[in-house]
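Remarks on the structure that follows.
The values are calculated or read from the model by the stated rules, or taken from the named source; none is laboratory data. No experiment lies behind these values; they were computed from the predicted model shown. All Cβ positions, even for glycine, are placed from backbone atoms using ideal geometry, and neighbour counts span all protein chains on display. Accessible surface is based on the protein model in full, side chains and every heavy atom, while ligands, DNA and RNA are left aside. Shrake-Rupley method; radii C 1.70, N 1.55, O 1.52, S 1.80 Å.
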Amino acid sequence: MSSVPEFEELCRDYVGWWQGGILEKAAAVDCVQHHAELWSIVAEIGQDEVQAIMSAAFAPPQERPSEYASQLLMQWELADPRDRWRWTGELPPAPEVMPIAKPAYRPAQSTVDAFHFVLRAGDPERLATWLRNHPDDAPALLEILEAA
């Protein structure tokens, strides 16, 4: 004959003692485990099943939200266009795709150094030719020059 029903009743007793403040939860669980071993329930049904029975007994009670909380949640979700579909039957909105910010263009440091070298040479024609050969870099280089 299986002693599992008696073990489940013992678990409920220890839960009561724990909730009544007679035992700490850890002590109550340890005692129940000790009884499971003494009564050979571990050998009969296995430690995993013993743990499942103990977990069910010591689990906190499932609280259902009050009607007020449900109504409040519904009002909030109906007011938000991202959540309205949960109540109205509409299709959920497509996820928003955030654009990737493109970093401002900055020429390579070697290009900046070469620009300063040509600039220091003091030859406007050579500078104009050099800038024509670097059309992508020219606006940023001129900004660097104006900032200096």
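Tabulated data
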quantity: Calculated FRET efficiency for the pair A59/W85, C-beta based, R₀ 41 Å, to 0.05; calculated: 0.75
quantity: Residues of the chain: accessible area per residue with a 1.4 Å probe, Å²; calculated: 77
quantity: Shape category assigned to the range 16-120 from the gyration tensor of Cα positions, a/c cut at 1.5; calculated: oblate
quantity: Computed FRET value (nearest 0.05) for E146 with Q109, which takes r as the C-beta separation and R₀ as 22 Å; calculated: 0.75
quantity: Helix-only [θ]222 nm of the chain, DSSP H runs n ≥ 4, -39500 (n - 2.57) each, per residue, nearest 500; calculated: -19000 deg cm²/dmol
quantity: Heavy-atom accessible surface of the chain: percent carbon and sulfur, 1.4 Å; calculated: 58
